[in-house]
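Peer 1: Below is the structure I would like to discuss, written out as structure tokens.
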Amino acid sequence: MKGFHSESIDRLYRALLLLETEEECAAFLEDLCTIMELQDMAQRLDAAVMLKQGHNYQMISREIGISTATISRVSKCINYGSGGYNLILERLLENGEEK
């Protein structure tokens, strides 16, 4: 997914890096995204956590309420993506925040 970068997307990345607190992050993302977009992103992160814990697709789908196709995409990103999921999952684990 490296071919989609643009100045606008790079600006978004820089903007996210400027956020200093969870409250600032929440305020920005709640203004930027719809509730459904935020919920979708949160569910994908939850799926990534559960995949790393060894849960199967059907259990994850039942628990989180997302399709196995979405879980498959998350799994593909974990295994063959840019490394973003693995990076954040490691950091969540280091902070004791992973489920």
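Peer 1: Sort 10-16, 79-85, 40-46 by the packing proxy (mean of other Cβ within 10 Å over each peptide's residues), most packed first.
Peer 2: With the highest mean Cβ count within 10 Å placed first, the list reads 40-46, 79-85, 10-16.
Peer 1: Taking the 0 to 90 degree range and rounding to the nearest ten, how far is the long axis of helix 22-32 tilted relative to the main principal axis of the chain, both from C-alpha atoms?
Peer 2: Roughly 80 degrees, rounded to the nearest 10.
Peer 1: Could you tell me the relative contact order of segment 47-99? Use alpha-carbon pairs under 8 Å, at least six residues apart, and round to a whole percent.
Peer 2: 34
Peer 1: Taking +1 at the Cβ of each Lys and Arg and -1 at the Cβ of each Asp and Glu, which of Leu92, Leu38, Ala48 sits farthest along the dipole of the chain towards its positive end, judged by Cα position relative to the Cα centre?
Peer 2: Of the candidates, Ala48 comes out farthest on the positive side.
Peer 1: Go ahead and estimate [θ] at 222 nm for the chain from helices alone: -39,500 (n - 2.57) per DSSP H run with n ≥ 4, summed, over the residue count, rounded to 500.
Peer 2: -23000 deg cm²/dmol
Peer 1: I've got another one for you. Quote the relative contact order of the chain in percent (integer), defining contacts as alpha-carbon pairs under 8 Å separated by 6+ residues.
Peer 2: 21 percent.
No lab work stands behind these numbers, since they all come straight from the coordinates. Please read all numbers here as calculations on a predicted model, not as lab measurements. Please note: Cβ atoms are built from the backbone with ideal geometry, for glycine as well, and neighbour counts cover all protein chains shown.
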